[in-house]
Amino acid sequence: MRNCSSHSSVWLLPDSSSCSSTDSGSLQHAWNFVTSHEHIIRSPFYPVMYSFVVYTTFCLPYLILDALIPAFPALKKYQVQPGTARPTLGTVMHCLGHSVYNHLVFIFPVSVAYWYWRPVQLPQVAPELHRLVLGIIACLLLFDFQYFIWHVLHHKIPWLYKTFHKKHHKYSSTFALATQYSGAWELLSLGFFAAATPVMLGCHPMTEMTFFIVNIYLSVEDHCGYDFPWSTHRLVPFSLCGGPDHHDAHHREFISNYAPYFTHWDKLFNTYAQNSKKNKY
């Protein structure tokens, strides 16, 4: 018998098609693997562990590159700011400790409260591939809009900037672990957008999990300090995505490029700054 409950966790929310009898193709095998570990997903510790593991996993390759640059100077050509030194071990440990603190003190209590209020029950049927892809794109576009409005307000209103957002701008030369170097208000409000977006769009739990992973990856890539030929913004046509140099310009100048991923809102409101390395490769 299919489990068609509409309840889920803060990270895993239902989709209107979750009980469809339509064949979900290759995604069903992956979803069967996920649901076979439902006892783990049901744990109140799961959301915070999932968040932290995904984040640090995406940060690690860039931190390794930072450590390798002294031995391999050729890597400097991929740096957004090649004239600046990469973060020291002390800086890395400081940001990592800050992330651990935020996850334990802020994310964990909130996720437990939501876990208690909305118990996890996963559907047995995976979403169709096209619904998953379209759902992720829709989530990214909606989150991008929410973040743009939030970001503009926290720069244009001095009290908001000084009280809540200034901490994130401590590093004008960004690196991977600077992605979540922020205060509790910023962390929780943007986390709320990320959690609420799939709910608003009625996404399948698998779509939400994948959106969460893609969202974290793009955030880390934006802050990593490297612009590679295979960076996401170079793979998406028509300059629709900003990329690391685009976001790094925001940390350098504070007056442009407020949207996290896409460029259309900044172009529309005349806050777009052209990427200096757009045609480098």
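The values are calculated or read from the model by the stated rules, or taken from the named source; none is laboratory data. Values in this document were obtained by computation on a predicted structure and should not be read as measured data. Glycine also receives a Cβ, built like all others from the backbone with ideal geometry; neighbour counts cover every protein chain displayed. Ligands, DNA and RNA are excluded from the accessible area calculation, which covers all protein heavy atoms including side chains. Shrake-Rupley method; radii C 1.70, N 1.55, O 1.52, S 1.80 Å.
Tabulated results
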quantity: Hull shadow area, averaged, region 131-248 [alpha-carbon convex hull, nm²]; calculated: 7.6 nm²
quantity: q = 0.25, 0.32 Å⁻¹, region 158-197: log10 I(q)/I(0) [Debye, one scatterer per Cα]; calculated: -0.87, -1.04
quantity: With DNA, RNA and ligands ignored, accessible area of His29 (1.4 Å probe; Å², nearest 10); calculated: 140 Å²
quantity: Inter-site label distance for Phe228 and His29 at 7 Å from Cα along Cβ, in nm; calculated: 2.6 nm
quantity: Candidate aspartates and glutamates for bridging to Lys267, where Cα separation is under 20 Å - those fewer than 8 sequence places away on the same chain excluded; calculated: Asp144, Asp222, Asp245, Asp248, Glu253
quantity: Heavy-atom surface of the chain, accessible at 1.4 Å and reported per residue (Å²); calculated: 48 Å²
quantity: Loop sites in region 70-159: chymotrypsin sites (Phe, Trp or Tyr not before Pro), DSSP, at most 11 other Cβ within 10 Å; calculated: none
quantity: Diffusion coefficient, µm² s⁻¹, Stokes-Einstein with Kirkwood Rh over alpha-carbon pairs of region 23-159 at 37 °C and 0.692 mPa s; calculated: 172 µm²/s
quantity: For region 221-276 versus region 118-157, the gap between their alpha-carbon centres in whole angstrom; calculated: 19 Å
quantity: Helical mean residue ellipticity (222 nm; -39500 (n - 2.57) per DSSP H run of 4+; nearest 500) of the chain; calculated: -16500 deg cm²/dmol
quantity: Carbon and sulfur %, accessible surface of the chain computed with the full protein complex present, 1.4 Å; calculated: 71 percent
quantity: Contact order relative to length of region 116-271, as percent, for alpha carbon pairs under 8 angstrom and 6 or more apart; calculated: 27 percent
